[in-house]
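Q: First the structure, which I've put down as structure tokens, then a few questions once you've had a look.
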Amino acid sequence: MFLPIKESIQFISYDTKRAITPYLYMAPTITLLTSLMLLPMIVVIRYSLFDNVIMNKNPTFVGLENYQKLFSNATFWISLENTLYFTFMSVIFHLLIGMTFALMLNSKVINSTIKTILRVFYIMPWLFTAVIIAIIWRLLLDPSGVINYLLVDFGITENNIEWFSSSATAIHAVTFVNIWAGYPLYMVSLLAGLQGVSTELYEAASIDGSNEFQKFWYITIPHLKPIIISIAMLDFIWTMQVFPLVWMTTGGGPIHATEMLSTFTYKLAFSSYKFSLASASAVIILLLSMSVTYFYIKYQKSVD
């Protein structure tokens with residue numbers, strides 16, 4: 001005859017209870033992550049090694065053949081090049097713009113009222129989802145939109161520019177929109193870091209005759225370095241996987257001018273129904289992200 005649960009728990013020692021309690025609290029999260037992330041990841045890796053998955057009840061094991069097909073696909077290399085350009089440019093300008101605005105909001109020259117107004121204005125991109133941002137900028141950058149009207153009116157350009165429809169400008173336009181959407185993360189994080197730097201350090205540097213640039217380079221940057229590296233690595237991973245913004249603005253066009261690994265993978269799976277190739281492409285995205293994650297974890301351990 002089994003004892004009631006409440007009575008059976010009494011037979012567990014205090015040390016055992018203390019040892020298993022953290023794992024019991026973690027169990028729901030671990031279960032959720034396993035079911036939503038780990039298992040799908042394993043399935044995708046498995047699919048990348050077989051042919052005609054989903055459509056075939058008995059798929060054939062082909063090893064790395066799908067990866068060979070992928071590497072011989074010219075569109076894959078275009079999407080990889082676009083993804084790297086999009087990611088690096090976004091991360092660099094996110095940092096530069098975020099740092100500039102953070103320094104402005106932390107400046108003693110600007111009064112508190114103006115800072116409050118600027119803070120609200122600078123944080124606005126965070127108020128919108130990727131879909132809303134895409135719609136807004138499609139309207140603004142439309143050939144008959146506000147941006148083109150102002151450019152022509154001020155004599156900067158002679159004709160309206162097809163920002164998202166021209167292969168010469170599409171990748172730059174999409175990258176610009178992503179930069180606009182992503183800099184607030186850097187601004188908020190760096191502003192918090194700036195407010196944590198002791199003013200005594202700047203006062204001591206002033207006494208020693210340091211100029212503003214020297215203070216920034218030798219005091220501000222070293223204090224913000226952990227924040228900058230952490231955010232930049234996370235941003236690199238997130239930006240490499242961006243899908244909604246690109247899909248809603250250009251759909252990867254025109255003529256693959258803005259094709260990213262994410263849109264390329266999506267089209268393989270849901271337009272061409274080549275699930276094995278799509279799985280192989282997804283694994284490559286995973287490996288690229290994991291390589292950055294490895295350096296991020298290694299850096300965090302060195303800091304700790």
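Q: Could you say whether any residue in region 106-113 is outside any strand (DSSP E or B) and in contact (Cβ under 8 Å) with a residue 24 or more places away in the chain?
A: Yes, region 106-113 has at least one match.
Q: Can you list the helices (runs of 4 or more DSSP H) found entirely within region 123-201 that contain at least 3 residues being under 25 Å from the mean Cα position of the chain (by Cα), surrounded by 16 or more Cβ atoms within 10 Å (Cβ to Cβ) and not small (Gly, Ala, Ser)?
A: Hits in region 123-201: 130-140, 170-195.
Q: Tell me, please, whether a residue that is in contact with a Pro (Cβ under 8 Å, 6 or more places away or on another chain) and not hydroxyl-bearing (Ser, Thr, Tyr) can be found in region 183-204.
A: Yes, because at least one residue in region 183-204 is in contact with a Pro (Cβ under 8 Å, 6 or more places away or on another chain) and not hydroxyl-bearing (Ser, Thr, Tyr).
Q: Among the residues in region 132-151, are any among the acidic types (Asp, Glu) and not assigned by TED's automatic domain parsing to the domain that holds Ala173?
A: There is no residue in region 132-151 that is among the acidic types (Asp, Glu) and not assigned by TED's automatic domain parsing to the domain that holds Ala173.
Q: Please find, within region 228-246, the residue that is nearest to Trp137 (Cα to Cα) out of those that are without any contact (Cβ under 8 Å) to a residue 60 or more places away in the chain and among the aromatic types (Phe, Trp, Tyr).
A: Phe243
Q: A follow-up question, please. Let me confirm something: among Tyr218, Tyr186, Tyr202, which residue is at pLDDT 95 or above and either in the same structural domain as Lys298 (by TED's automatic domain parsing) or under 20 Å from Ser90 (Cα atoms) (or both)?
A: Tyr186
Q: Output the residues belonging to region 163-181 that are at pLDDT below 95 and either outside the structural domain of Ile228 (by TED's automatic domain parsing) or not hydrophobic (A, V, I, L, M, F, W, C) (or both).
A: Within region 163-181, Ser165, Ser166, Ser167 meet the criteria.
Q: How many residues does region 267-285 contain that are more than 18 Å from Phe88 (Cβ to Cβ) and surrounded by 15 or more Cβ atoms within 10 Å (Cβ to Cβ)?
A: Here the count works out to 13.
Q: Would it be correct to say that Phe264 is in contact with a Phe, Trp or Tyr (Cβ under 9 Å, 6 or more places away or on another chain), surrounded by 18 or more Cβ atoms within 10 Å (Cβ to Cβ), outside the structural domain of Leu39 (by TED's automatic domain parsing) and under 16 Å from Phe86 (Cβ atoms)?
A: Yes.
Q: If you take the residues of region 52-67 that are over 26 Å from the mean Cα position of the chain (by Cα) and surrounded by 16 or more Cβ atoms within 10 Å (Cβ to Cβ), which of them is farthest from Leu277 (Cα to Cα)?
A: So, considering only residues that are over 26 Å from the mean Cα position of the chain (by Cα) and surrounded by 16 or more Cβ atoms within 10 Å (Cβ to Cβ), the one farthest from Leu277 (Cα to Cα) is Pro59.
The values are calculated or read from the model by the stated rules, or taken from the named source; none is laboratory data. This one's a predicted model, so the numbers in the text were calculated from it and none came from an experiment. In this analysis, Cβ positions are derived from the backbone assuming ideal geometry, glycine residues included, and neighbour counts consider all displayed protein chains.
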